[in-house]
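Read the structure below first, then the notes.
The values are calculated or read from the model by the stated rules, or taken from the named source; none is laboratory data. Remember, predicted model here, so these are calculated numbers, not experimental data. Note: ideal-geometry Cβ built from the backbone for every residue, glycine included; neighbour counts use all protein chains shown.
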């Protein structure tokens with residue numbers, strides 16, 4: 001009769017010892033989490049970089065293979081969009097000439113606020129819309145720094161920093177909220193503000209646009225710099241479909257973001273952005 | 001035996017690097033297959049079909065796979081380890097309860113167990129982000145989530161049949177019991 005009881009006691013003590021050992025193991029791992037993850041990514045970064053590049057090349061190959069009709073249609077769409085843009089450029093040139101001197105001065109001031117560091121992306125956590133990059137605190141990177149590409153498209157901000165690598169939370173992360181302005185055709189009109197919210201799975205949507213504001217498909221969204229993290233005039237996305245309802249106090253819109261993880265090979269972290277205080281009206 | 005454990009470590013590391021870097025570009029609606037989870041489930045399922053007792057090997061698998069999942073995510077160490085331990089227990093317990101037919105590893109058991117494990121995996125991670133990182137609870141059972149399940153399931157079923165056809169990993173021949 002005692003034998004089964006002994007066996008149970010032995011089993012229970014095994015479980016208890018196992019739980020304690022596991023707990024201590026996890027405690028040690030978490031105490032040195034930053035160092036462990038840093039060294040792990042340092043060791044893995046050559047392989048990850050190669051696989052990332054291979055993934056970009058392979059996906060482009062398969063996309064073109066399966067989407068040849070789509071590419072032809074996209075080409076036609078881009079041609080007609082280009083024509084419309086050229087038309088808009090010519091009509092804006094008069095106003096542009098008048099503001100040229102002011103714009104140059106503003107651009108120069110803007111450039112003085114930016115100190116950029118070139119980084120490479122190595123991995124993507126699609127569960128949380130987070131990418132990892134190959135530079136960290138040793139390169140001057142710290143939390144909440146904005147991450148852009150060479151075309152000034154906003155990707156996100158620094159979320160976690162380790163010594164030699166960092167994690168970037170994309171604007172599509174469900175916890176991401178970003179104030180934006182909707183570019184107007186007529187610069188004399190008051191800017192329309194909204195909020196870009198991440199919906200996960202690399203998608204974003206526009207929210208909190210006043211119902212009396214006129215927005216339409218094709219409108220470009222840029223950062224407004226109101227929250228002080230992202231500089232102004234960084235490209236965010238364009239409106240695909242607006243959702244307006246009389247029952248809701250704000251209108252929303254589906255957005256096609258400009259950032260594309262397939263083109264995230266080379267990114268830039270803005271190291272030294274100085275928050276511009278908007279001029280009081 | 002230690003060679004098998006070394007194989008698991010290298011294999012799960014390789015899967016982690018591939019899913020994080022290469023397969024990031026083959027996402028559907030922003031979802032990529034979670035190969036570590038898929039293979040962990042396959043190993044556990046095939047081992048459970050032979051013997052539904054939780055063993056040291058199952059513990060090692062949970063810790064190794066969980067450690068690499070923690071390494072490639074922003075979560076604290078231990079979140080995925082505990083999660084995979086729970087999934088392992090769940091699979092073992094399910095096998096002890098399910099009726100054993102002529103076939104030892106029926107697909108009819110594999111598919112629902114895998115889907116339930118996937119749903120539990122997402123739910124658990126959302127809860128841990130909410131409690132440990134202070135992020136808002138983000139478990140959305142929407143169209144994209146459904147596509148993600150199908151995407152992962154497609155790979156899981158493919159490898160299930162590869163495992164079965166080649167009689168891969170039917171479980172340890174000498175079972176070191178961890179629990180009665």
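Structure data summary
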{"read-out": "Residue within the stretch A:119-137 that is farther than 30 Å from residue B:137 by Cα, away from chain B (no Cβ under 12 Å), modelled with pLDDT of 90 or more and part of a strand (DSSP E or B) present", "value": "yes"}
{"read-out": "Only one of B:67, B:37, B:42, B:59 that is over 18 Å from residue B:163 (Cα atoms), touching a residue at least 60 places away in the same chain (Cβ under 8 Å) and part of a helix (DSSP H, G or I)", "value": "B:59"}
{"read-out": "Selected residue (only one of A:169, A:182 is in contact with a strand residue (DSSP E or B) (Cβ under 6 Å, 6 or more places away or on another chain), over 19 Å from residue B:142 (Cα atoms), in contact (Cβ under 8 Å) with a residue 12 or more places away in the chain and at the interface with chain B (Cβ under 10 Å from one of its Cβ atoms))", "value": "A:169"}
{"read-out": "Any hit, the stretch B:102-110, residues being under 15 Å from the mean Cα position of the chain (by Cα) and within 9 Å of another protein chain (Cβ to nearest Cβ)", "value": "no"}
{"read-out": "Boolean, residue A:154 is away from chain B (no Cβ under 14 Å), buried (at least 18 other Cβ atoms within 10 Å of the Cβ) and either modelled with pLDDT under 95 or part of a loop (DSSP other than H, G, I, E, B) (or both)", "value": "yes"}
{"read-out": "Some residue of the stretch A:229-248 being at positive phi and surrounded by fewer than 19 Cβ atoms within 10 Å (Cβ to Cβ)", "value": "yes"}
{"read-out": "Filter result (assigned to a helix (DSSP H, G or I) and more than 12 Å from the chain's Cα centre (by Cα)) within the stretch B:1-14", "value": "B:2, B:3, B:4, B:5, B:6, B:7, B:8, B:9, B:10, B:11, B:13, B:14"}
{"read-out": "Residue in the stretch B:87-97 that is within 13 Å of chain A (Cβ to nearest Cβ) and on the phi > 0 side of the Ramachandran plot present", "value": "no"}
{"read-out": "Residue list for the stretch A:24-52, filter: more than 9 Å from chain B (Cβ to nearest Cβ) and closer than 23 Å to residue B:22 by Cα", "value": "A:38, A:39, A:42, A:43, A:45, A:46"}
{"read-out": "Considering residues of the stretch A:254-281 that are under 23 Å from residue A:199 (Cα atoms) and not in a loop (DSSP other than H, G, I, E, B) only, the residue modelled with the lowest pLDDT", "value": "A:263"}
{"read-out": "Sole residue being more than 12 Å from chain B (Cβ to nearest Cβ) and modelled with pLDDT of 65 or more, chosen from A:82, A:109, A:69", "value": "A:82"}
{"read-out": "Qualifying positions in the stretch B:17-41 - more than 13 Å from residue B:84 (Cβ to Cβ), under 17 Å from the mean Cα position of the chain (by Cα) and more than 7 Å from every other protein chain (Cβ to nearest Cβ)", "value": "B:19, B:33, B:35"}
{"read-out": "Subset tally (residues that are surrounded by fewer than 20 Cβ atoms within 10 Å (Cβ to Cβ) and either within 20 Å of residue B:120 (Cβ to Cβ) or at pLDDT below 85 (or both)) for the stretch B:29-62", "value": "7"}
{"read-out": "Close pairs (9 angstrom Cβ cut-off, 6 or more residues apart or separate chains): at positive phi in the stretch A:138-149, in a strand (DSSP E or B) anywhere", "value": "A:140/A:117; A:140/A:269; A:144/A:157; A:144/A:158; A:144/A:159"}
{"read-out": "Residues satisfying the stated conditions in the stretch B:130-167, i.e. at positive phi and more than 11 Å from chain A (Cβ to nearest Cβ)", "value": "B:167"}
{"read-out": "Any hit, the stretch B:121-132, residues being part of a helix (DSSP H, G or I), loosely packed, with under 15 Cβ neighbours inside 10 Å and in contact with a helix residue (DSSP H, G or I) (Cβ under 7 Å, 6 or more places away or on another chain)", "value": "no"}
{"read-out": "Tally, over the stretch B:135-171, of residues that are modelled with pLDDT of 80 or more and in a loop (DSSP other than H, G, I, E, B)", "value": "1"}
